[in-house]
Amino acid sequence: MNQDEVAFHGIVALYDVKSSLRGGIQLVLQLMQEEEYHPFKEMRKSTKKLTVIYELFWKIPGSEEWFKEEVWFMGYNVTNTAGAKVRFELQDDDAFQRFMTLPVDTDLKIVMRELDDDHEAVNQANRKRMERAVKKGGARCRETAILCNNETFQRFANIRGAVEQTQEGAAEYVRKIVGIDSRRDLDYDDAAWDRFNLLVRKPFNAWPGRNVDHH
């Protein structure tokens, strides 16, 4: 499989599988790390489609036998007590029976790729480039741009490693420290915004040189 087609891969746990007339055949997977739900969160935000279809490849770790299912993404849920779970709808009874033979909490190694309307694999690298191209900066981006235009902040960034004491130097410092490609990302990534406040804003507010007159 082309790595650019991989939408998600990792170890998950089987949380639930059930069938009902109203809800169809539902598969619920427990993610090992809460932050692993981010690809599904971004998918829900970026796509206009009501249904996102994935090709799910899975096996039990240690086994050589892989299974392939078509699943429809139904949503995700994150709580402080139960962690992150992702819900899918299975499309055939054979898949339902395969999962029903497994005990709850069985670890599964999975690889997923998104399918388009023609059931062709979606290139995730191209998707991310397109998403970055259409992103518009919001309040967080504007607030950060104002900060980077501040000469005092430019001095602060320069002391801490910015290449030059300019607006662009300060902007590059923010992107590097926070781990983003663009300040626009701050409006779409809550974790990045939290990092900005912790690693940039908080140290700058506490910097003694902030209140020194350099003119």
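Helix 167-178 versus the longest principal axis of the chain: what is the Cα-based angle in degrees, 0 to 90, to the nearest 10? Long axis of 167-178 versus the principal axis of the chain: about 40 degrees.
The magnitude of the dipole of the stretch 3-131, with charges of +1 and -1 set on the Cβ of Lys/Arg and Asp/Glu and taken from the Cα centre, is near 540 debye.
Roughly how many whole Å is it from the C-alpha centroid of the stretch 47-104 to that of the stretch 153-175? After rounding, the separation between the Cα centres reads 45 Å.
Working from Cα pairs under 8 Å separated by at least six residues, relative contact order for the stretch 136-207 is 32 percent. Basic side chains Lys and Arg get +1 at the Cβ, acidic Asp and Glu get -1 at the Cβ, and with that the dipole of the stretch 135-215 about its Cα centre reaches some 100 debye. Placing unit charges on the Cβ atoms of the charged side chains and taking the dipole of the chain about its Cα centre, the candidate lying farthest along the positive direction among THR51, GLN33, SER182 is SER182. Relative contact order, whole percent, for the stretch 79-200 stands at 17, derived from Cα pairs under 8 Å and 6 or more residues apart. What you get for the chain, charging only the Cβ of Lys and Arg (+1) and of Asp and Glu (-1), is a dipole of about 1100 debye around the Cα centre.
Taking a ≥ b ≥ c as the square roots of the eigenvalues of the Cα gyration tensor of the stretch 156-215, is the shape rounded (a/c under 1.5), prolate (a/b larger than b/c) or oblate? Oblate shape, in that a/c is at least 1.5 and b/c is the bigger or equal ratio.
Each of ASN77, ALA157, GLN91 was placed along the dipole of the chain (beta-carbon charges, centred on the mean Cα), and the one lying farthest toward the positive end is ALA157.
The mean sequence distance of close C-alpha pairs (under 8 Å, at least 6 residues apart), as a share of the length of the chain, puts its relative contact order at 20 percent.
Under 17 Å of direct C-alpha separation, and excluding same-chain neighbours fewer than eight residues apart, LYS85 reaches these aspartates and glutamates: ASP16, GLU34, GLU35, GLU36, GLU42, ASP105, ASP107. In this label model, LEU102 and GLN33 are separated by 2.1 nm, measuring between points 7 Å along each Cα→Cβ vector. Per residue, the chain reaches -9500 deg cm²/dmol at 222 nm when only DSSP H runs of four or more residues are counted, each adding -39500 (n - 2.57). Give the shape of the stretch 3-131 as rounded, prolate or oblate, defined through the alpha-carbon gyration tensor: a ≥ b ≥ c are the square roots of its eigenvalues, a/c under 1.5 means rounded, and otherwise the shape is prolate if a/b is larger than b/c and oblate if not. Since a/c stays below 1.5, the shape of the stretch 3-131 is classed as rounded.
Each reported figure results from applying straightforward, stated rules to the coordinates on display, with no laboratory input. In this text the structure is predicted, and so the values were computed from the model without any measurement. Neighbour counts are summed over all protein chains in view; Cβ atoms, including those assigned to glycine, are modelled from backbone coordinates with ideal geometry.
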